[in-house]
Amino acid sequence: MNRFLEKAETLDKTDSLKSFKDKFVADPSLIYLDGNSLGKLPIKTIETTTNIIENQWGKNLIRSWNEHWIDLSKDIATKIAKIVGAQPDEIFVGDTTSLNLYKLLVASLALQKEKTEIITDDLNFPTDLYIIQGLIKQQFKNHSLKILESTDEIFMDPATVREAINKNTSLITLSLVSYKSSFLYDMKSINNLAHNKNSLVIWDLSHAAGATTIKLNETNTDMAVGCTYKYLNGGPGAPAFLYVRKHLQDKLTNPIWSWFAHQKPFDFNPNFIETSGIQKFAISTPSILSLGAIEPGLDIILDAGMSTIEVKSKKQSAFLIELIKEYLIPLKFEIASPLDESQRGSHISITHDESYRINRAMIDPRDKSTKIVIPDFRPPNLIRIGITPLYTSYLDLYEAIIRITEIVTTKEFENYSTEKLTVT
Ligand SMILES: *Cc1c(COP(=O)(O)O)cnc(C)c1O
């Protein structure tokens, strides 16, 4: 037997998390390697959301606000806090990642208006960059944005960050794990560099939460935002989260004054009085259906343990890199992720001139007896292979790489259009 196949089977057999994949809806005809973009559906979520819809909404109607719904956001926050190493009263769950970032950017820039420089990098997610650009254009007109240059869009030299931060730096905002290359920052050292110049830091944890151990308190993190529909398996467009360290909460003001940030929303007072604590970052009536859908995925992560998940992620990444080196490098692929595991999240990006069409052939094989393999594509030529240890097996990784090999050597990808679909 092929030694990689043999290794995959042995690693699966001894995997302490192997039973966790049964907690997710599965389709034996496909291998899902895109949990970094949309996590799988936990089976329990079907029951939980059905209960919310049929009983809480359907039968109990508005009475459910007091019985189940008004504290739901806090209950979810408590679980997310455990996953990211924060206190429950430092996490707000609601709105979207982009909106939460907007709130924190405005709040923190307003805090030190005399400092006019914002720093980010070219590894950051576009929405983050757009929000900063918009704020400088519309509201913080004296501010400027410095975008640090990475090495080949793969990793950031810590010296680049160190040299960039100065006493005019108001704020640094970065993705902890880059959506492109999977580069993982050393949070604590960046926080320290920033704090030495009295600068604040906002981390975007979207590609990191549920994928890698995060210790927001221990690393002295000021603020963070993150998404729940990727590694946290909360469902498409699920509410996001926001973190503000306890001692900063009193100093910051949510730019959107709204009733859920009011001290007493149900007094219906015409004048705004800001509430205290993390709740001041709320805006609106919580999206109960999608909030409820987040909880089962979080319970699975807490049950498995974040450090166990991370250990398996690193082991699977190492195996995947071995496979890529053996099978794909000879076919003109390159690895576009850091090779050092301490600098990497839980996906591996590879490049090839024909990445888009290879990706299409994997997802939509013409021969219907061929196993579907779902990674994703990001411009200009990245195929991202997401490792989600809760439901990815070593055999999945082996089979996926063999499938890519087949698509390239038989030129099967030539049957596909280079025209991009709306969502890649
Ligand atoms: C997925 C992701 C987002 C998504 O933002 P939305 O407001 O939920 O659309 C933002 N930032 C990063 C780094 C992401 O990976």
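Read-outs throughout are calculated quantities, based only on the coordinates presented, and are distinct from any laboratory measurement. Keep in mind it's a predicted model, so treat the numbers as computed, not measured. Here the Cβ positions follow ideal geometry from the backbone for every residue, glycine too, while neighbour counts run over all protein chains shown.
Based on the Kirkwood radius over alpha-carbon pairs, what is the Stokes-Einstein translational diffusion coefficient of region 240-301 at 4 °C with 1.567 mPa s viscosity, in µm²/s?
This corresponds to a translational diffusion coefficient of 98 µm²/s.
I want to check the label-to-label distance for LEU339 and ALA318. Put each point 7 Å from Cα in the C-beta direction and report it in nm to one decimal.
For LEU339 paired with ALA318, the spin-label model returns 1.5 nm.
Helix-only estimate, please: 222 nm mean residue ellipticity of the chain, summing -39500 (n - 2.57) across DSSP H runs of length 4 or more and dividing by its residues, to the nearest 500.
-10000 deg cm²/dmol
Explain nothing, just compute: Karplus ³J(HN,Hα) = 6.51 cos²θ - 1.76 cosθ + 1.60, θ = phi - 60°, for every residue of region 174-185 in order, whole Hz, x for Gly and Pro.
Rounded to whole hertz, the list is 9, 7, 4, 10, 6, 5, 7, 8, 6, 4, 10, 6.
Using 0.36 nm per residue, how much length does the chain from TRP257 to LYS74 gain when fully extended, once their Cα-Cα distance is taken away?
Working: separation 183, 0.36 × 183 = 65.88 nm, distance 1.99 nm.
Answer, rounded to one decimal: 63.9 nm.
Placing +1 on the Cβ of each Lys and Arg and -1 on the Cβ of each Asp and Glu in region 136-292, which of THR253, ASN191, ILE202 has its Cα farthest towards the positive end of the resulting dipole?
Of the candidates, THR253 comes out farthest on the positive side.
Normalise the Cα radius of gyration of region 107-258 by 2.2 N^0.38 Å (N = residues in it) and let me know the number.
With N residues counted in region 107-258, Rg over 2.2 N^0.38 Å equals 1.00.
Give the Cα extents of the chain along the principal axes, in whole Å, largest first.
71, 59, 41
List the chymotrypsin sites (Phe, Trp or Tyr not before Pro) in region 233-276 that DSSP assigns to loop (not H, G, I, E or B) and whose Cβ has at most 16 other Cβ atoms within 10 Å. Which are they? Before the final figure, lay out the partial values.
Values: sites: PHE241, TYR243, TRP257, TRP259, PHE260, PHE266, PHE268, PHE272; in loops: TRP257, PHE268, PHE272.
The qualifying sites are TRP257, PHE268, PHE272.
Between ASN269 and GLN133, what is the spin-label point distance in nm, taking each point 7 Å from the Cα along the Cα→C-beta axis?
Inter-label distance under the simple model: 4.1 nm.
Round to the nearest 0.05 the FRET efficiency obtained for LYS325 and THR285 when R0 = 60 Å and r is the Cβ-Cβ distance.
Computed FRET efficiency for LYS325 and THR285 comes out at 0.70.
In whole Hz and in residue order, list the ³J(HN,Hα) couplings for region 356-363 that follow from phi through the Karplus curve 6.51 cos²θ - 1.76 cosθ + 1.60, θ = phi - 60°; x for Gly and Pro.
4, 6, 5, 4, 5, 5, 5, 7
Please report the equivalent ellipsoid semi-axes of region 273-424, computed as sqrt(5 x eigenvalue) of the Cα gyration tensor, largest first, in whole Å.
Computed over region 273-424, the values are 35, 20, 16 Å.
Pick out, in residue order, every one of the trypsin sites (Lys or Arg not before Pro) in region 104-164 that is DSSP loop and has at most 13 other C-beta atoms within 10 Å; say none if there are none.
Sparse-neighbourhood loop trypsin sites (Lys or Arg not before Pro): LYS113, LYS141.
Eigenvalues of the Cα gyration tensor times 5, then square-rooted: what semi-axes does that give for region 1-122, in whole angstrom, largest first?
The equivalent ellipsoid of region 1-122 has semi-axes of 36, 29, 14 Å.
Can you tell me the relative contact order of the chain? Whole percent, Cα pairs under 8 Å, sequence separation 6 or more.
The value is 23 percent.
If N is the number of residues in region 54-119, what value comes out of its Cα radius of gyration divided by 2.2 N^0.38 Å? Walk me through the numbers on the way to the answer.
Details: Rg = 17.2 Å, N = 66, 2.2 N^0.38 = 10.8 Å.
So region 54-119 has a normalised radius of gyration of 1.59.
Counting only residues 5 or more places away or on other chains, whose amide H sits under 5 Å from the amide H of GLY85 once H atoms are built in the peptide plane?
LEU216
Given a Förster radius of 60 Å and the C-beta distance between ASP186 and LYS59 as r, what FRET efficiency does 1/(1 + (r/R0)^6) yield to the nearest 0.05? Kindly include the intermediate steps, with their values, before the conclusion.
Details: r = 51 Å, r/R0 = 0.85.
So, using R0 = 60 Å, E works out to roughly 0.75.
With the crude spin-label approximation of a point 7 Å out along Cα→Cβ, what separation in nm comes out for THR424 versus ASP157?
So the two model labels end up 2.9 nm from each other.
Working out 0.36 nm times the residue gap between LEU30 and THR351, then minus their Cα-Cα distance, what length gain in nm do you get to one decimal?
Difference between extended and current length: 113.3 nm.
Want the number for LEU5 to LEU248: 0.36 nm per residue separation, take away the alpha-carbon distance, what's left?
Difference between extended and current length: 82.3 nm.
Return the long-range amide H neighbours of HIS262 (sequence gap of 5 or more, or a different chain), with a cut-off of under 5 Å between placed amide H atoms.
Result for HIS262 returns THR275.
For each pair in LYS312/LYS368; LYS332/LYS420; LYS146/LYS215; LYS18/LYS315; LYS7/LYS325, compute the distance between the two Cα atoms and list the pairs where it is over 20 Å.
LYS312/LYS368; LYS332/LYS420; LYS146/LYS215
R0 = 51 Å: FRET efficiency of LYS13 with ASP89, Cβ-based, nearest 0.05?
E between LYS13 and ASP89, to the nearest 0.05, is 0.75.
Would you be so kind as to identify which of ILE383, LEU395, PRO365 lies farthest towards the positive end of the dipole of region 346-405, taking Lys and Arg as +1 and Asp and Glu as -1 on Cβ and the Cα centre as origin?
Looking along the dipole axis, the top candidate is PRO365.
Under 5 Å between amide hydrogens, which residues at least 5 positions from LEU148 or on another chain qualify, with H placed 1.01 Å from N in the peptide plane?
The list, which skips near neighbours in sequence, is THR120, ASP121, ASP122.
Kindly write out, for region 246-263 in residue order, the coupling ³J(HN,Hα) from the Karplus curve 6.51 cos²θ - 1.76 cosθ + 1.60 (θ = phi - 60°), rounded to whole Hz, with x marking Gly and Pro.
2, 5, 8, 4, 5, 7, 9, 10, 5, x, 9, 7, 8, 5, 6, 9, 7, 4
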